[in-house]
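For reference, the structure is listed below as structure tokens.
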Amino acid sequence: MHARAATPKEVRRLPEQRSLRIAWSDGHLSEYPWEYLRGWCPCAGCQGHGTERRFIHAPPSDLNGIAVVGNYALCLTWSDGHDTGIYSYRHLRDLCACTQCHSIEA
Ligand SMILES: [Zn+2]
Ligand SMILES: [Zn+2]
């Protein structure tokens, strides 16, 4: 299976590590620090209307909630009330910062 067609099998909030762990359908495991995820929020409010996605420096906040949107994305709710970020599975997989994913891109 192509990595970009993978879907999350299990999504777990890890409050101690302040990170989100996703186990993918192709067996891959990703871990995202909350600050990292928050900074890559794809919503128009964070990203503006530019075509290029950029990392934004948001005040530190906790990941409060995770909701599945359709069968293609997760909606993340933050402790500062921000809840408009719809993270598509593909976007999430692209954000995986593990060494394996980086060596695939290289
Ligand atoms: Zn946002
Ligand atoms: Zn990875």
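Key figures
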{"read-out": "Taking 22, 56 and counting other C-beta atoms within 10 Å, the order from fewest to most", "value": "56, 22"}
{"read-out": "Cβ-based charge dipole, the chain, positive-most Cα from 8, 98, 48", "value": "8"}
{"read-out": "Within the chain, helix-based [θ] at 222 nm, where runs of 4 or more DSSP H residues each add -39,500 (n - 2.57), nearest 500", "value": "-5000 deg cm²/dmol"}
{"read-out": "Order by protection proxy (mean Cβ within 10 Å, highest first), peptides 87-93, 25-31", "value": "87-93, 25-31"}
{"read-out": "Intensity falloff of region 3-105 expressed as log10 I(q)/I(0), Debye formula with alpha-carbon point scatterers, at q = 0.11, 0.22, 0.23, 0.24 Å⁻¹", "value": "-0.31, -1.31, -1.42, -1.52"}
{"read-out": "Among 77, 61, 89 - extreme Cα towards positive end, dipole of the chain, charges at beta-carbon", "value": "89"}
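A short reminder: the numbers here are calculations on the coordinates, not readings from a lab. Predicted, not measured: the structure shown is a model, and the values here were computed from it. A quick note on method: Cβ atoms are made from the backbone with ideal geometry, for glycine too, and the neighbour counts reach across all protein chains shown.
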